[in-house]
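In what follows, a structure is listed as C-alpha cells, so that the remarks can point back to it.
The values are calculated or read from the model by the stated rules, or taken from the named source; none is laboratory data. Nothing here was measured: the structure is a model prediction, and the numbers come from that model. Backbone-built Cβ (ideal geometry, glycine too); neighbour counts: all protein chains shown.
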Amino acid sequence: MASIETSDTKSGRRAGLRLPKAAGLVWVLVGLCVVAAFLSPAFLNPINLTNVLRQVALFGIVSVGMTFVILTKGIDLSVGSILGVCAVTAALLIGLDLPIFIVFVLTLVAGTLMGAINGIGVAFGRVPAFIMTLGMMVMGRGLALTLANGQPISLGSRTKDFMWLGRGDFAGLPVPVWVFIAISAIAIYVLRYTPYGRQIYAVGSNAEAARLSGINVRFVTFSVYVVSGFLASLTALIFVSRLTVGEPTAGEGIELEAIAIAVIGGTSLFGGEGGVVGTIIGAAILAVLANIMNLVGVSPFTQQIVKGAIIVIAVLYEMWSKRRSKT
C-alpha cells in the first residue's frame, strides 16, 4: 500500500523536482555577487570567498535538516540549542581523552536523540511542532549552559587533533564544504529517487491522504526530526573544530538562518513543496548577503531585521503565487 501515490504525492514530487524557481535563484545569487564586488573589492579576495563558502557549509548543513522538517509541514526551532548541547558534549568528551572517533559518534548520538525526542513529541504525542521544538530549544540551551557551567570549554592539548574538520582543506576547498556537498548529494537522492522521499512530500501535501494510501505518517514525521537533530550535531562538531572551544551559546539564532535559507530556496512553509537544490542556493544567497552587509559595515542588529524581513517577504510571495495559480 505504501507505494500507492495520491495526486498530492505526485504534485509534491513535481514541486520538489521543478527547476525554474532554482534557476531564478541562481540569477539572484549572481546579481548579489556582482553587487558585492561593486560595493567592496574585498569580496573577491580568495580569503573572503573561502570564508563565504565556510558559512554556506555551516548554515547549509543545518538547513538541509530543516528542509526535511518543513517539507512535512513542520518546524524545528531547537536546532540551535541542539547544536549548543552537542558542542559542549564534544568538548567535555575530548577533555576525557577519548579517541576522536568515539567523540564524534557520541556527539552525533546526542544530537540524534534530541531530535528523536522532538519527533516522538510531534508524531506520537501530537504536540504541535512549534510548541515541542520551542520547549526543546529552551531546555537544550539550559542544558548546554548547565553542562558547561556557563563558560566556554577549551579543547586544551587535543586542539590540533580536532581542528582538521573545521579548519582543514582538501583539494582546494575547506573540509566543511566537502561535508556539505556530501550531505546535500545524499539528501537530493533521498528526496528525488527513494520511496521515503516521496512519502515526505506526500505527508507535507496531505497527511490524511498519505495515511489512507498506506504511508506511515507518524514514522515519516518522527524521522525528519531525527534527521534534523543529526545534522545539527554534525554542524556542532564543525563549530567546535573551527573555534576550538565548546561554547554553550553556540548556534544561537541558527534556527532563524535555517528557516530563512529553506524559505528563500523555495521550500513551502505549508509543506509538500521545495527541495535541497533550492536550499543550497538559498544558503549561498544568505551567506553572500551577510558578507555584503559585513563588508559595508551594516550593524549586526540591522542584519537581523533584514533576515527577518526576507522570511516575511518570501512567505508573502509564496502565498501570492498560490492564490494567483488558483485564479
* To do: Answer with yes or no whether Ala171 is surrounded by fewer than 20 Cβ atoms within 10 Å (Cβ to Cβ) and modelled with pLDDT under 90.
  => yes
* Could you check, for region 152-159, whether at least one of its residues is surrounded by 21 or more Cβ atoms within 10 Å (Cβ to Cβ) and outside any helix (DSSP H, G or I)? => yes
* Hits in region 249-308 (condition: over 23 Å from Ser233 (Cβ atoms) and either acidic (Asp, Glu) or touching a strand residue (DSSP E or B) at 6+ places or on another chain (Cβ under 7 Å) (or both)) -> Glu273
* Kindly indicate whether Thr194 is loosely packed, with under 15 Cβ neighbours inside 10 Å and within 24 Å of Pro99 (Cα to Cα). => no
* Structure fact -> Here, helices (runs of 4 or more DSSP H) confined to region 211-327 with at least 3 residues that are polar (S, T, N, Q) are 217-243, 276-295, 300-326
* Asked: What residue, of Gly282, Gly308, is crowded, with 18+ Cβ neighbours inside 10 Å and within 28 Å of Ile183 (Cα to Cα)?
  -> Gly282
